[in-house]
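Just so it is clear, none of the values below were taken in a lab; they were calculated from the coordinates. Quantities reported herein were computed from a predicted structural model and do not represent experimental measurements. In this analysis, Cβ positions are derived from the backbone assuming ideal geometry, glycine residues included, and neighbour counts consider all displayed protein chains.
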Ligand code: ADP
Ligand code: MG
């Protein structure tokens, strides 16, 4: 079982940032409205994610660290329409197999919680009481301490932290209603309150994507025949090429998709100099049944049932927003 976990860990846990991604997704799945992320030495020494979500029942704590626990699968009534961010049920087990992990959680308002700890293969099966407000804290120390071959591939702490920032950026953009704090080596990096208003959202985007992007960005907000597109388009005149500032979300999940990219390129074609990449932060909402997110385990790929309709919708409305500039 340990070996299976470590093999699975190779798929899920590539570096500290992958741990942050999985733990953030779990926190969001749990309905958290506040998530605090603490990082030390690029996450190589320590990663801690604390949320105020529904918490985990003490009877389920050890199970949450077990691979493919049946209770996790049972929840999936319909893989096709799965709205939840996670479905593999192996992230925690994988992370636990390659680190020193503690999982503390409470479902009560009394401040009484429970904790389980693991050290790589040595799982402390016993669940001990611990103080914890309603919600969950996962602490991951010494990633890859027991898999030196993989630890060798870790980059410097600043590089690993920049990967963590990118993960937090992506998830912060997709979850405006969640307050998110990120701290590195005791220094506050980002501090986001829940951002309900358009102005709050813009402020968050500005912090995450840069003020210059936001100042010049063209807002989009269209809703038509079951498709909704919301977000900001970078001004085509922006001198700098911004291939690294392209965020496209489908139902809250960041994706890289050929159909989407082609539609955006088409829309920008007349206004963007060749070899320039548009910058954008866009959110597409679509009937979950009209899109397959289970194409690839990382779920960065999607397959639209009606690719042409989606392509046309995006190209047309992005083009329209861009041309409105000149009228
Ligand atoms: P998955 O998310 O794919 O189900 P994970 O290994 O990431 O698998 O998590 C296992 C289970 O532990 C989850 O299904 C959930 O029930 C529980 N869990 C994990 N993290 C949290 C959290 N932050 N809050 C509440 N429950 C959690
Ligand atoms: Mg998960």
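Each DSSP beta bridge with both residues in region 210-326 is either parallel or antiparallel, and the antiparallel ones are about 75%. Only helices enter the 222 nm calculation for the chain: every DSSP H run of n ≥ 4 contributes -39,500 (n - 2.57), and dividing by all residues gives -10000 deg cm²/dmol, rounded to 500. Over every Cα atom in the chain, the radius of gyration and the widest Cα-Cα span, Dmax, amount to 20.8, 68 Å. Residues 38, 207 in ascending order of nearby Cβ atoms (within 10 Å, fewest first): 207, 38.
When both region 9-47 and region 135-170 are represented by their alpha-carbon centers, they are found 8 Å apart. Angle of helix 2-12 to the longest C-alpha principal axis of the chain, folded into 0 to 90 degrees and rounded to 10: 20°.
By how many degrees, 0 to 90 and rounded to 10, does the Cα axis of helix 157-174 deviate from the longest principal axis of the chain? Once rounded, one gets 60 degrees. Between helix 16-29 and the chain there is an angle of about 90 degrees, using the helix long axis and the longest principal axis of the Cα atoms.
Considering every alpha-carbon pair of region 135-278, the percent of pairs per 5 Å bin, from zero through the bin containing the longest distance, is 2, 7, 14, 18, 18, 15, 11, 8, 5, 2, 0.
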